[in-house]
Each structure stands twice: as C-alpha cells, then as structure tokens.
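One structure is given below, encoded as structure tokens.
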There are 2 protein chains.
Amino acid sequence: MKFRQIVALFAASAICAPLLQADEGMWLFNNPPVKLLQEKYHFQATPAWLEHVQKSSVRFNSGGSGSFVSADGLVMTNHHVGADCLAKISTKEKDYVAKGFEAKSAAEEPKCVDLELNVLMSIEDVTARVNGAIQPGMEPAAAESTRRAEINNIEKESRDKTGLRSDVVPLYNGGQYHIYYYKRYTDVRLVFAPQKAIAFFGGDPDNFEYPRYDLDICFFRVYENDKPVHADNYLKWSATGASEGDLIFVSGHPGRTERLDTVAHLRYLRDYAVPGTLNLLRRREVVLQNFSDRSVENARRAERALFGIKNSRKAYLGMLGGLQDPAIISRKMQDEQELRDLVNRDAKLKQAYGDAWDDISATLKASIKIRDEYNLFGPARRGQAFNSDLFDIALRLVRLAQESAKPNSERLREYSEAGLDSLKLQLFSDAPIYEDLEILQLADSLGMMTEVLGGDNAIVQSVLAGKSPRDRAAEMVHGSGLKDVAVRKRLADGGAAAINESKDPMIQLARLIDPESRRIRQTFEQQVDEPQRQAYGKIANAKFAIFGSSLYPDATFTLRLAFGEAKGFTEAGQKISWDTTLGGTYEHAAEHGNKDPFELPKIWNERKARLKLSTPFNFVSTADIIGGNSGSPVINRDGELVGIIFDGNIESLVLDYIYTDQLSRAVAVHSAGILEALRKVYSADRLVTELTGKK
Amino acid sequence: MKFRQIVALFAASAICAPLLQADEGMWLFNNPPVKLLQEKYHFQATPAWLEHVQKSSVRFNSGGSGSFVSADGLVMTNHHVGADCLAKISTKEKDYVAKGFEAKSAAEEPKCVDLELNVLMSIEDVTARVNGAIQPGMEPAAAESTRRAEINNIEKESRDKTGLRSDVVPLYNGGQYHIYYYKRYTDVRLVFAPQKAIAFFGGDPDNFEYPRYDLDICFFRVYENDKPVHADNYLKWSATGASEGDLIFVSGHPGRTERLDTVAHLRYLRDYAVPGTLNLLRRREVVLQNFSDRSVENARRAERALFGIKNSRKAYLGMLGGLQDPAIISRKMQDEQELRDLVNRDAKLKQAYGDAWDDISATLKASIKIRDEYNLFGPARRGQAFNSDLFDIALRLVRLAQESAKPNSERLREYSEAGLDSLKLQLFSDAPIYEDLEILQLADSLGMMTEVLGGDNAIVQSVLAGKSPRDRAAEMVHGSGLKDVAVRKRLADGGAAAINESKDPMIQLARLIDPESRRIRQTFEQQVDEPQRQAYGKIANAKFAIFGSSLYPDATFTLRLAFGEAKGFTEAGQKISWDTTLGGTYEHAAEHGNKDPFELPKIWNERKARLKLSTPFNFVSTADIIGGNSGSPVINRDGELVGIIFDGNIESLVLDYIYTDQLSRAVAVHSAGILEALRKVYSADRLVTELTGKK
C-alpha cells in the first residue's frame, strides 16, 4: 500500500514511478515505456517497431523535429521549423515564406543554407566512464574541467571510430551520460511550402490556442553526393489519419523541461529567471515590431526573429503563469517533501543524497548575484549585450583561433573536435545579414547593457568608446567586413596571428570582451552549473534507488517517445472537440473579418468549392510534448504517420514543470487534412504521388 | 568677459542667463522674455498681447493644450488630445475615433464625459508665505507636512475668495511657489473630429518623425448653463498661416522637463528611472497589442491606452538615447562644474547653497533602495501593482472617506478641499469600463508585482489570496460593483462606515493595501521628495543670485510661452524643408503601399482632385516644447493662429534635459492646410464659417 501511495504522489513528477495511469513521459528510446504501454493500451512496442520509428525520425539542428515520409529522402516538418531555411534563401523579390513554394521536379528543389539534419542511429550509456573520471571530493573547478575533458575525448574517439556525429548528453540532470550517434545530413533541399498565411493562420493571437486551423507543414529532401538519399526507414502516410480515442505516438526532440527541479529552483525561475527572460523578449519584440511596421521589406527581414520572439514570449508567459499558480507550487512542495522524507528515512540514502536540495539552493543564491553579468557576457554564444550576428561570428572566430591551439581535452565544449563540422557550417553560412537590422538590434542590446550595468561602468565605457549605443552600433556594423564569408574563412585559416592583427571592429570588440566573458562563464560554471549537476545527479540517483529504473529524464533536445490519446477536453464548461475541419477554417477567418492574420491566401478562397470541408484539419492529443517537438510525426500503432505536431495549447505550457492531461493538449495537423489541401488547393501532384504511392 | 563666458556655458541650461541667442525657454506669463524678444526679434510683447494670448489658451486637464478659436467658445486641440473624450463616448456601433465626426448644428454636439478645461486668469507669487511656514532646521517630515498644510490652506482660501480653481504650483523645482487661478469648464461638447487614419496618419512608425502629414486636430465647444460660452479672448484664424522664417509663439502646457537636474540625477534617470519606466511600458504594450490583435472590437477598446503607451515608449526611448549619449552628459557636467565653482568662490553662496548637490545625491541613493516598492504601491493614484480603473476608483473612495474626516490642512494633497470638484468629476465619471481589459491589465500588473517582490512575499500572498494573478484579477473584476456610478456615489456618501462595511472585492483590496501604500509614500516623501525640493530650491536660488531673475523654470503642466522660427533643418547632409504639403500626403501613402497605418480615409482619396495640393500641411519650428504642449496654438506676431503643435521630432526628445536647435523641431499642423481640408475634404461649412467669419 505504501508503494502505491507513493506512486500516486509522484504521478506528476518528472522522474516518475512505473505504474502511471497518465499519458506522461518523454521516454528514451533505450529505456522505452514498454510495460506501461502494454498495461494501459495493450500495445506491444517491439524492438523492430521502436527502431523503425527512431530511424524515421529526424532532428532539425536549427531547433525542431521531422520525419522521413518517403524512401527518396523526403522529410516533413513544420512550416515554422522549415521557415529558417525559407527565410535564408528568400530575397525582397522572391519571398518563400510569404508566397510558399512547390518544386515541380528535382531540378527545381533549391538548396537550404546551413541547415543540418540528424538521424539517431544508436545510443550508448557512458555514465561510468564520465563519472569515473571525477575523484570524490574534487573541487567544482577541477570536477568541471575533468568532466569536460572526458566528454571531449569520448566524443572525438567515437566520431573517429564511427564517422558519425557523436554527442555525449547529460540525462536525468547529470544522473546519467549517454552518447548519441547521428547520421548527419547537410545537403537539404526545399520541396514544398505553403504560404505563411495558412501555415500560421491566426498568427500570434491564435498561437498556443485551440481550436486551430493551420497547415503548418513543409517538405524537404535530403541529398547525399547530389542524389536523394534512400531512406530505409520512413513513415507510411495514413490517408485516413487519426480518429478520436486512438492511441498515438509522438517521436521527436523536446527541447527542455524542468520537471526535476527542486521547489527552490522553481521559485528561482518564477522570481528571477523567467521574468528576466520575459523582459528581454518584450524589449526585443517592441524593437522588431516597430522596425517591421515601417515597411513591407522591413517586415520580411525581421519576420523570423520576430516570430521566434513572440512565440517564446507567449510560451514563457504560459510557463510563468504556471509558476505563479500557488496550486502548482504546493503540489511540487508536497512531492518534494515526500521524496526527502523517503531519503531521510534510509540512513544510506540520507548520507549519499540528503543534502542535495540544500546544495541546489546554494547554487541559486550564487546565480542571483552573478546572473546579470553572466547573461550579458557569459554564454557560449553571443551574450545579451551583443545581439548581432556579426558579433557572434567575430566571437567564434576569436575563440576558434584560441581553442584550436589547445589539446582537444582542454577546449571549451563547443570547440571540441567532434563538433567542429557543425560549428563551421554555421560560421561560414551564406545566410543574409541585413545591416539595418544588425544596427537596430546591436544598438538596443548595447543600450540594455548600459541600463543594466549603468553608464559609468568601466566595461560599458570601453565597449561604447565614448559614443552612444546607436552610434557605436552603426560604426561597428558599417565597419565590419565579416558579412563576407571569404573574410571569415581567411580569418579562420589565419589563426591567432590573423585574429590579433585584424582591424575589423567586430573582431576587436570580441577580443576586448573575450577575457571578461570567459571569466564570468567560468565563475558561473564553478558556482552554479557544476554543483547543480552534482546535486541533481544525487536526486536522480535517489529516485532510481527508490522507484527503480523505469523513469524518463527531463528533455534535452534528443529523441524521445511520447504517447497519448486523440482526445478533446472541457474548458469552462464548454466541450472542445478533438478535431477541427477544413470547413471550420473559413468560418474562423470570417469571424475575424478575414483580416490579417486571419486572411486566407487567395488560392484557398478560390478553391474552397473543391474541398471536402468535413475533412479533419487539426487535432489534439494527450501526448507529453514541449518546444522542440515542433514537426514531430504523430504515429499510429502500425507505425504510420497520422499527423504532425505543431503546437501545444496554452494550458500545455505548464508541462515544462509538471505533466497534466486535464486541459493540456498537443496540437497537430491531421494527415487527411494535409492530403486534401495538397491535392485540392495546391494540385501538388508530384508530392502527393510520392507520399501515397498513387498517381 | 567672464560673465559672457559663463553665459555661453549656460546657454543650454534650464535656468538660463538673459542674453541667450537660442530660441530657448518655456517662459512664465508672469515673467515673460520681453527683453529677449525685443533684442533678438525686435518684437514688443505688450501686456495686452500677452493677456490676449494667455486667456485664449486652454488647458485640457486630461493632459494637453488647446485654444479658443471663436467667440462662441470653440476650442481647437489635437485629435490625440481630444481622443480621450472621443473614446469615452464611443461604442462598438459608433466609433468616433476611427470614423470621425461633424456636428451639423449645435443640437448635434455630443457632450464629453469627465473632461475638464482650464483657462488661466491670473498668477500670484506666494513663495514667501509657503516658505515662511517652514522653520530653519526642521526635519524633512515636519517640513513636508508643514508645507503641505500651508499649501492646502492657501488653495482653499483662494478658491473660497475667487470661486476659481486655485492651484499652488512649485516652480524652479521648489525655488518659488505661485498660485494659478483658473476658470474651470466641465460642459465640453464635440464639434468636429477627422478620422484617426488621417489624424494619426503614419501611426506609431511616423510618430516623433518629420516630414509628417497629419491632420491632428479636433474641435470642441465650451458650454456654461447649457449655452456656448462667450470667449472674450480667442485667436483669429490666419488663412495664410506661417511662412518660412516667421517668428512664431507657442502658448501651452509643457508637462515636465528635467533641465535643472544635477548630473547625478541625470545618471539616476539614465540607469534606473527611465529604463524602469521603459520596461513597464514595453510589457504593457505587448499585453495590449496582443489583446488588440485578437479582434476589431478589442482594438477599439484598447486603442487609447495602447496609443498612450506607444507614444510614451517612443518618447522615453528618445530621452534615454539622449541620456546615454556621453556628449550630453559631459556638457551637463561642464555646466554643473562651472556653477558649483561660482557658488564655492563666494563664501555666502557657498554657505547657503554649496551642499545642495550632495544633498540631492543622497536622495537618489535613498530612492534606489525604495523605488520598486514605491512604484508598486506608493503613488497617489493606482500603483503599478494594480493597473485597473476599478481599483483606482476603490482606492480613491477609501481615501476620500478617510481624508474627508480630517481638517483640510492635514489632508493628502489630492484630497484637499480646493481639488475635490476635479476629483469627483473623475471619480463619478460615466466613462466605460471594459471587464475583459480590466482583467487583462490587472492580471498583468499583479503578475509584475509577483515578479518584483517574489511569489513568497507576504503582501503578494495576501493580495493574491492563494490564487494565480489571472484568477485573482478575474474574481475581483467580476465581483466588483464599482462599474456602476451609483454604487460609487453611495459609497462616497456613506463615508468611513460604508467603506468599512463594504464587501466589494476592490474596496477590500484597497483597504488591505492602503496602509502599506501610505507608509511607503511617506517614506518616499521624507527621504526623497522633500530633501530634493529643498536642495533644488537652493540651486535655483544660487542661479537667481548669480544670473538674476530672467530665468524660466522646468515645465510643470502650467501655461508657458515659447517662441522660435519656422525653419527646416539638415540631417545627415540632407536638407529637410520647413513644411510639407497636402499633396505630399498622397505620395507618402503610396510609398508605404497605402497600407495601415499609411492608408488614407476613403474620402481623402475620393476628394483628392478638389484639393490645392501645394497647400502647406505640417511644418516645423525651433520653439521649445515638450509633451503636454500637444494642441498648443502656434501664434504669429499679430496674435493670430497660424498652426497647432502636435509633436516634436525624435531629436527634440532631448529637450527634456537640454535645449538645442540643431536638429530639434516642434511639429505643427499648418492653419492653411487645416482650412483647405475642412473646406474641400469635409465640406465642413458650419465650422469653416465660424473660424473665418466668412460664408
């Protein structure tokens, strides 16, 4: 009885006990919920089924998920995931995002800029090797560098041995380390994209809402040696798609959850981290919105950045709403107390893990003190003080020169040998850089730095060099040669000597700020990251000891399997159907006066009569997803594709901290609706034939 | 030579020496720049001319300026000033803001809700009486309450004696106190308003920009005893209007400047106050923009608030840009050092005023510590924690009951006898209150309070009462009866007993927060306001002693006279003309694809052919203005109306701290352009006849 009671109490925690009744979990493919699926849904997740799903799944390294949907390397993802590529190959004259695109033949498929796709081939547990390198009682500084060296070495060995991209991933917040082997694709070409007006129909107002009516899809083809790759594993298209009550699976790459966080950590997020992030997002939203409002071309240039910011702002607002809800915090407190009581009741557990919670609280206090400076200057990529692609390139060039000169084991993680291919793909990208947007964003971020540290601060004064943020930003952007990829390559090839001699103002700024950036990053790693990793590792191990090994870790932008039911919900007494229809789209547009962002593309109005309006368009399920799952295939028992995840409703945003299936739902485009639109609106015969195998 | 040199150095300060060459100054009508005008422009500002201009000028108590333009009480102001009234009398079905309005007869003139206009009748210096009440060596707390009592008494005596609204105004940041006697009008009716699309053509993107093409005007009529008032003083309409190079005057109510501020104070504004205000504005902008984007009716409901926020955001950004410009701070430092050197060189001045600068620095340190709490709870009107009209009403009802029971001299300033009429006009206003908007804004501000103080803070917890900010806001707004003016009146009539018995959740919240609000307000007054007032009084007196009395004080939303030249400028090598034309409006619309906010009202396109396209539409001048001057008449030597101020360019926003006429310009609508539009686009014959005296 005791065990069952504990199970009930933990029904909503991150690392959860095996007999859950809820459709909870972002499960590892090397630790799948086989028993749970058998018991709740009488579904047999065989190794073959799992391997098929795993190898059909695709990670978009730009931040998203997708899947193979034909043997000829055709990949489907969301429009809002693919739009990163669409925007980078667009110009004022040819706007792929707004206008959409269809390749009528292979020859018409344009190549994406700097897009990298990863397909997970296998996973290996390297916890023992990573943790074995750390001596008991090591200072955080030594532990951090020892662990980093070990991980850098493992990755390099693995890549040298297999030729595959090899990422060591900390799981269970540091409780385990697994190595992920990926097949890496960088020749990715655009096959089909609808207009943004239907892909993101309803825009920001409808984002994170349901009912919904979005054709949020996009098709790419993966090439190798200038030929489409043959995909051994791909998902067959289900023309009927999901039905209400169906068991469905989602295989994708949830980015980050915080379900394992202690209550103190959640309070820190509530009172410091999330409000800080929201302030930053809002200021950037206002800056970019104003820029966009000035002209159509401005809007096109800022579109991707502005979408990302609005999307994040709405997501973080939802998360903060959850954290500010006393009911959620008190449920978390209860869970935590129960676990701590169980640990403290067992002398061995208490000795090994009992002080982990206090250790984490100590790291939070440290973080409060240094977080402003860290956020401005410390992150591996551009700090908040320098919101500029050119600066980001400059800093990476400066560090590439420094780090390349060191042995692999001593390098910063992001310059280790195993990751250099991906780094260089980004660094030498042909993606357009717009000077007006660069100046605007850099000026605002320099202004923010001045606000946070004060105008009399020494670093502020040396960065601004006697000028106002706007004048300084303009001077640096206009003066930099880094817009030219050839210049970047010359600097990278020239190593430290070329960097030190460079008169480029962005390189000079990066050199100026680099020591400060490294200092604050090291402080943060030693006072926050490393002790947190160790303490969370203890908590994870305590849970393993108490609940056994059938637990899933917090999300890490690695492949996970979720499951659930296609199922509506009841909100404020009103029943919300599990699906919407193509016909509902037109009604929704009319209710909003057919005005942007509720204005349908012309072709959708012209071809309305062709459509079977009762076809399901979007639908919801109880699957456990979060940001990063965008583009994940929704799969039925037979391993067929029945839909594609593109959003969660507002209520699903608390899934960051806690699973609930009361109101939270994952939102997907239905496979039948996609097919109907491709056939009747777009007459995309080549694509339809490839998906269905029928003419 | 020494004196001249000092003069040159102070050419840009707030309290400036008499021989200025620049068109600087927001001059008091009882201390006008007669000599300066004579010397620079050979213009004789006679007492009769000044009295005529003064009594033709009108203050919009909602925040803006205007002027009488006919003997029958016709008043012109900006559309964006009058829009407060327009919005309050609009409904979903009849939208005066978007659609515009023209009364074809007196009977068709609709009455505004809660609009109060003030006309300045006379000014009297009461410095000796106010300062005479303060004993040397009094503690700040005693000095503050003594001064407050004296001012409350003076105002009551003056009102009882004259029947006029009587405001004691601290000038020269506390160096002098003058009493302003106003004729007060509260029956104000709408005569004419253009569509917002032309009044605010170019919207937020064009706001604070020039060249410009806005018909930012609105006409009201002032009534007494249900009859139009006869205006003895009104401005005759100049059909030709201003020409390039003309001397022009601006008579209006600049709201606030900070030119007297010490450098330490400017740094405080730069690093704390202005960034804090901008963060608040941005979060409110994002909240309201999202609400507006959801439907046309939402947009209508939020329109005024959103305009105000965007307008402020752009203004504060411009001000912050000035403060973050090292050139401006260093010029201010040089000025300050010169003044301090002059004070320190004279033993008597040094003894009397020498420590004022350090005293101010001490108040800034105190302010940094308590400002978050003060901003959330302390201001006289709603604090930032409670962004709700219903809460604002509740707090004023609670305090009205408390303060009315005290002798007049002991009351909080805003509940003193002399101000009660204006207070009650607001409190019992029929202006619509929208529940959805109330919940949205209150939830966001409760969320902000939670972010600033932390979710575990005791006040936060008692305000939220165990609910999330959104749930708590919804519960209070839905549960409050204060939407009903009759309920408010009953509570006001019932005094303390009715308030204490009330179960209204907003009244209960106001009662809960009132003691904390008073506590932090008192702390702020004693540690910041009062010592600042005393120290700035010393600095002002030091300047009087050194430079004599021909100085103008910082702006205080009281009537001021500014002057300048109608004159273009050169920006980045490009000459910008002093005026724009009606024809340019159509070109500007076309350049922006005729898309909102660059989409002209239909009637403007239909009647384009009727217009003389070369007619001046907007124009700029060097007059010294700031926010609050909106709607101020632009007047020629003959006392005729040649235009109406509606904006300043981006470069004028530094006028908050420092006058410059290099790029800063005041932007006005030209009287000829107005007349042409009224005649040809609107066929507003009744209005045109009244303005011109011709059929």
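The values are calculated or read from the model by the stated rules, or taken from the named source; none is laboratory data. Keep in mind that this is a model prediction, so the values were computed, not measured. Neighbour counts run over all protein chains shown; Cβ positions are idealised from the backbone, glycine included. For accessibility, only protein heavy atoms count, side chains too; no ligands or nucleic acids. Shrake-Rupley method; radii C 1.70, N 1.55, O 1.52, S 1.80 Å.
Only residues in the range B:680-695 that are surrounded by fewer than 18 Cβ atoms within 10 Å (Cβ to Cβ) count as the first member; pair them with residues that are outside any helix (DSSP H, G or I) and among the small types (Gly, Ala, Ser), Cβ under 7 angstrom, at least 6 apart or cross-chain, and list the lot.
So the pair list comes out as B:Thr692/B:Ala239.
Name the residue that is farthest from A:His265 (Cα to Cα), counting only residues in the range A:323-343 that are assigned to a helix (DSSP H, G or I), free of Cβ contacts under 8 Å to residues at least 60 places away in the same chain and open to solvent by less than 70 Å² (accessible area, probe 1.4 Å). Working first, answer last.
Our first condition is that a residue be assigned to a helix (DSSP H, G or I); within the range A:323-343, this holds for A:323, A:326-343.
Next cut, free of Cβ contacts under 8 Å to residues at least 60 places away in the same chain only: A:326-327, A:330, A:337, A:340-341.
Still in the running and open to solvent by less than 70 Å² (accessible area, probe 1.4 Å): A:326-327, A:330, A:340-341.
Working: A:Pro326: 15, A:Ala327: 16, A:Ser330: 14, A:Arg340: 15, A:Asp341: 19 Å.
Here the answer is A:Asp341.
Would you say B:Ala590 is on the phi > 0 side of the Ramachandran plot and either modelled with pLDDT under 95 or within 14 Å of chain A (Cβ to nearest Cβ) (or both)? Before you say what the answer is, go through the steps one by one.
Details: on the phi > 0 side of the Ramachandran plot: no; either modelled with pLDDT under 95 or within 14 Å of chain A (Cβ to nearest Cβ) (or both): yes.
So B:Ala590 does not fit the description; no.
Which condition breaks for B:Arg331 when tested against (1) more than 14 Å from chain A (Cβ to nearest Cβ); (2) closer than 20 Å to B:Phe547 by Cβ; (3) of a type outside the set (A, V, I, L, M, F, W, C)?
If we test B:Arg331 against (1) more than 14 Å from chain A (Cβ to nearest Cβ); (2) closer than 20 Å to B:Phe547 by Cβ; (3) of a type outside the set (A, V, I, L, M, F, W, C), just (1) comes out false.
Within the range B:476-492, identify whether any single residue is away from chain A (no Cβ under 14 Å) and closer than 21 Å to A:Gln324 by Cα, and answer yes or no.
Step one: filter the range B:476-492 for residues away from chain A (no Cβ under 14 Å), giving B:476-477, B:479-492.
Those left that are additionally closer than 21 Å to A:Gln324 by Cα: B:476-477.
Yes; the residues of the range B:476-492 include at least one that is away from chain A (no Cβ under 14 Å) and closer than 21 Å to A:Gln324 by Cα.
Select, from A:Ala264, A:Ala197, A:Ala305, A:Ala239, the only residue that is open to solvent by 20 Å² or more (accessible area, probe 1.4 Å), over 26 Å from A:Thr77 (Cβ atoms), more than 10 Å from chain B (Cβ to nearest Cβ) and not acidic (Asp, Glu).
Numbers: A:Ala197 fails: over 26 Å from A:Thr77 (Cβ atoms); A:Ala305 fails: over 26 Å from A:Thr77 (Cβ atoms); A:Ala239 fails: over 26 Å from A:Thr77 (Cβ atoms).
Residue meeting the stated conditions: A:Ala264.
What is the number of the single condition among (1) open to solvent by 10 Å² or more (accessible area, probe 1.4 Å); (2) under 22 Å from A:Ile626 (Cα atoms); (3) of a type outside the set (S, T, N, Q) that A:His230 does not meet?
Failing condition for A:His230: (2).
With B:Lys489, B:Lys467, B:Lys503 as the choices, which residue is surrounded by fewer than 18 Cβ atoms within 10 Å (Cβ to Cβ), of a type in the set (D, E, K, R), at pLDDT 95 or above and not in a helix (DSSP H, G or I)? Reasoning before the result, please.
Values: B:Lys489 fails: not in a helix (DSSP H, G or I); B:Lys467 fails: surrounded by fewer than 18 Cβ atoms within 10 Å (Cβ to Cβ).
Of B:Lys489, B:Lys467, B:Lys503, the one residue that is surrounded by fewer than 18 Cβ atoms within 10 Å (Cβ to Cβ), of a type in the set (D, E, K, R), at pLDDT 95 or above and not in a helix (DSSP H, G or I) is B:Lys503.
Please verify whether the range B:556-571 includes one or more residues that are in a helix (DSSP H, G or I), open to solvent by less than 60 Å² (accessible area, probe 1.4 Å) and more than 14 Å from every other protein chain (Cβ to nearest Cβ). Working first, answer last.
So in the range B:556-571, the residues in a helix (DSSP H, G or I) come out as none.
No: the range B:556-571 contains no residue that is in a helix (DSSP H, G or I), open to solvent by less than 60 Å² (accessible area, probe 1.4 Å) and more than 14 Å from every other protein chain (Cβ to nearest Cβ).
Among the residues of the range A:102-120 satisfying the criterion of being of a type outside the set (S, T, N, Q) and farther than 20 Å from A:Ser62 by Cβ, which is surrounded by the fewest Cβ atoms within 10 Å (Cβ to Cβ)?
A:Ala107
List the number of the failed condition for A:Ser416; all other conditions in (1) open to solvent by less than 40 Å² (accessible area, probe 1.4 Å); (2) more than 14 Å from every other protein chain (Cβ to nearest Cβ); (3) more than 23 Å from A:Arg519 (Cβ to Cβ) hold.
Every condition holds for A:Ser416 apart from (3).
Pairs, please: C-beta under 7 Å, at least 6 apart or cross-chain, first residue among the β-branched types (Val, Ile, Thr) and in the range B:431-451, second buried (at least 20 other Cβ atoms within 10 Å of the Cβ)?
B:Ile433/B:Asp389; B:Ile433/B:Leu390; B:Ile439/B:Ala473; B:Ile439/B:Val477; B:Thr450/A:Gln324; B:Thr450/B:Val460; B:Thr450/B:Pro469
May I ask you to verify whether B:Tyr223 is crowded, with 20+ Cβ neighbours inside 10 Å, hydroxyl-bearing (Ser, Thr, Tyr) and in contact with a strand residue (DSSP E or B) (Cβ under 7 Å, 6 or more places away or on another chain)?
no
Any chance you could count how many residues in the range A:298-322 are without any contact (Cβ under 8 Å) to a residue 40 or more places away in the chain and charged (D, E, K, R)?
1
Just give me the residues in the range B:274-298 being surrounded by 21 or more Cβ atoms within 10 Å (Cβ to Cβ) and more than 10 Å from chain A (Cβ to nearest Cβ), in sequence order.
Of everything in the range B:274-298, just one residue is surrounded by 21 or more Cβ atoms within 10 Å (Cβ to Cβ) and more than 10 Å from chain A (Cβ to nearest Cβ), namely B:Leu288.
Output the residues belonging to the range A:437-457 that are over 15 Å from A:Asp392 (Cβ atoms) and either more than 14 Å from chain B (Cβ to nearest Cβ) or of a type in the set (S, T, N, Q) (or both).
A:Thr450, A:Asn457
Could you identify the single residue in B:Leu437, B:Leu442, B:Leu482 that is open to solvent by less than 20 Å² (accessible area, probe 1.4 Å), in contact with a Leu (Cβ under 7 Å, 6 or more places away or on another chain) and closer than 30 Å to B:Phe60 by Cα? Quick ask: steps written out before the conclusion?
On the way: B:Leu437 fails: in contact with a Leu (Cβ under 7 Å, 6 or more places away or on another chain); B:Leu442 fails: in contact with a Leu (Cβ under 7 Å, 6 or more places away or on another chain).
On inspection, the qualifying residue turns out to be B:Leu482.
When only residues in the range B:591-633 that are out of contact with any Phe, Trp or Tyr (no Cβ under 7 Å at 6 or more places or on another chain) and under 22 Å from B:Val119 (Cα atoms) count, which is surrounded by the most Cβ atoms within 10 Å (Cβ to Cβ)?
B:Ser632
Look at the range B:671-695 and say how many of its residues are touching an Asp or Glu at 6+ places or on another chain (Cβ under 8 Å), over 16 Å from B:Pro601 (Cβ atoms) and among the hydrophobic types (A, V, I, L, M, F, W, C).
Total meeting the criteria: 1.
Return a yes/no flag: does the range A:354-361 have any residue that is over 22 Å from B:Ile309 (Cβ atoms), within 10 Å of chain B (Cβ to nearest Cβ) and in contact with a Lys or Arg (Cβ under 7 Å, 6 or more places away or on another chain).
Within the range A:354-361, the first condition is being over 22 Å from B:Ile309 (Cβ atoms), and the residues that meet it are A:354-361.
The next check asks that each one be within 10 Å of chain B (Cβ to nearest Cβ); those that pass are none.
No, the range A:354-361 has no match at all.
Can you tell me which residue within the range A:148-175, out of those that are of a type in the set (Lys, Arg) and touching a residue at least 40 places away in the same chain (Cβ under 8 Å), is surrounded by the most Cβ atoms within 10 Å (Cβ to Cβ)?
Step one: of the range A:148-175, the residues of a type in the set (Lys, Arg) are A:148, A:156, A:159, A:161, A:165.
Now drop any that are not touching a residue at least 40 places away in the same chain (Cβ under 8 Å), which leaves A:148, A:156, A:159, A:165.
Numbers: A:Arg148: 19, A:Lys156: 17, A:Arg159: 20, A:Arg165: 23.
Filtering the range A:148-175 for residues that are of a type in the set (Lys, Arg) and touching a residue at least 40 places away in the same chain (Cβ under 8 Å), the one surrounded by the most Cβ atoms within 10 Å (Cβ to Cβ) comes out as A:Arg165.
Take the conditions at pLDDT below 95, more than 14 Å from chain B (Cβ to nearest Cβ), surrounded by fewer than 24 Cβ atoms within 10 Å (Cβ to Cβ) and farther than 25 Å from B:Gln289 by Cβ and apply them to A:Arg256. Does it pass? Spell out how you get there, then give the answer.
Numbers: at pLDDT below 95: yes; more than 14 Å from chain B (Cβ to nearest Cβ): yes; surrounded by fewer than 24 Cβ atoms within 10 Å (Cβ to Cβ): yes; farther than 25 Å from B:Gln289 by Cβ: yes.
The answer is yes for A:Arg256.
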